[in-house]
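FYI, it's all coordinate maths here, none of it is from the lab. As the structure is a computational prediction, the values presented were derived from the model and not from experiment. When we count neighbours, we look across all protein chains shown, and the Cβ atoms used for this are built from the backbone with ideal geometry, even at glycine.
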Amino acid sequence: MNKNIKLAVAGAVLAVSATAANAGIIIPAGEWTVDIGGNVNTYATWTRLSGETNTFGKSVLWGGNKSGDVLNSAGLLGNDAGTSNARTQSNMTTGLLPNYLSVSGTTRQNDLDVSFTISINPGSSTLQAGKQSTFQENRQAFLTFGDKSWGSVKLGKDIGIFASDAILNDMTLLGVGGGAGTVAANTTTLGRIGTGFVYADWKSQIAYTTPNFNGLQATVGLTQAWNSQQYTDEDLVSNGRAGAGFAYEGKASYSFAANDMTGKVWVSGLAQRFDGVADATNHEDRVAYAGDIGANVNVAGFGLTGYYFSGKGIGQTLQFMGAFDNNGKMRDSNGGYVQATYVLPTKTKLGVSWGQSTIESTGSADSLTKDVDDSMWAVGLYHPLTKHLNLVAEYTDVESEHQGGTAKGRTGSLGAILFF
């Protein structure tokens with residue numbers, strides 16, 4: 001199983017007691033070893049949406065692919081369907097992980113370990129008769145080369161560096177989390193994205209990872225600069241480019257094991273410069289930045305995870321979305337989550353977590369006159385029916401407090417995920 005599928009599975013194993021395979025389908029092919037791996041998952045979900053949603057409603061509740069969704073002046077996803085409304089959505093959908101088919105190859109040439117990975121990631125949802133969903137992702141297309149003596153270099157598209165450990169340790173990785181009622185036709189739901197951490201996403205990058213020094217390891221990289229929705233280079237607004245060179249990302253982690261205890265501590269960060277602003281009266285540059293810290297400890301069937309992030313101009317749910325006010329001033333963001341799990345005698349893992357993400361108004365000149373706070377409680381049961389197949393039941397309670405009022409979304413889900 002390729003490296004990032006392993007990472008996803010490793011994060012998922014923190015949430016469930018099932019043991020995923022150490023490798024997928026291995027095929028010797030001359031000088032190469034080909035590895036085919038991935039997962040398939042589907043969930044039935046029931047979501048009750050209620051509250052004030054017409055102004056600054058957040059994507060954690062209302063999604064981004066409905067005809068009523070708008071990108072308002074604050075850069076936050078909203079919905080113009082009316083206020084004080086309530087509705088129930090029942091959907092069949094993929095969970096936080098998309099369906100995954102990944103092909104990787106490894107070889108040793110000229111004293112170098114060389115590899116490639118390419119993946120396709122279709123969703124499971126169809127919402128209209130006679131029309132299949134058009135949503136599909138291609139999250140990975142990268143090569144690596146290196147040696148255990150000096151590390152490895154990655155070139156291509158893969159999971160972002162900043163905040164990647166936050167999502168890989170989220171227990172809803174094998175489930176649904178938030179967003180099931182409004183992004184069902186998308187490739188995935190939201191899990192805890194936007195209610196505890198900013199999405200690491202999948203980025204074009206050149207990154208270097210050090211050797212593992214007795215559990216201590218670090219990664220630094222250049223990643224593609226992204227558009228903030230409002231704040232872009234004045235000469236490049238028309239083509240949607242940030243126009244400020246690359247983003248800079250890095251992380252460091254320490255993994256440990258002692259007797260029955262295992263764990264990991266990590267920090268990561270991101271910085272990106274934006275040139276100019278869409279408003280022609282303001283041409284000041286901005287440097288958006290963010291940092292985080294997290295830890296996970298497991299002992300005697302118990303697991304505990306804590307995470308916190310803070311940044312300026314980073315956004316709250318997706319990177320740089322809603323990060324600037326209309327005058328190009330950066331909004332502050334912060335949040336985090338806590339999570340506890342326990343393996344029952346039946347090998348079923350019970351998990352409970354709470355998290356919150358906040359994006360702050362810049363003041364009286366900001367069209368966002370009130371801070372936006374999105375939070376979520378999640379309770380899940382994750383049962384290993386076989387070595388590779390997990391049954392999942394979850395309940396989540398999402399609440400978004402914004403200047404339009406308070407919106408709520410409560411979701412129950414039942415389904416299964418299979419790793420191979």
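Here are the numbers for the structure shown:
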read-out	value
Inter-label distance for A416 and T106, nm, one decimal - labels placed 7 Å from Cα along Cα-to-Cβ	3.0
Rg/Rg_ref, segment 262-384, where Rg_ref = 2.2 N^0.38 Å and atoms are Cα	1.37
Cα-based equivalent ellipsoid of segment 329-377: semi-axis lengths in Å, sorted from largest, via gyration tensor	38, 8, 5
Per-peptide average of other Cβ atoms within 10 Å, ordering 150-156, 371-377 highest first	371-377, 150-156
Inter-probe distance in nm under a simple model that places probes 7 Å from Cα toward Cβ, at Q224 and F256	3.9
Alpha carbon convex hull of segment 99-179, projected area averaged over orientations, nm²	7.6
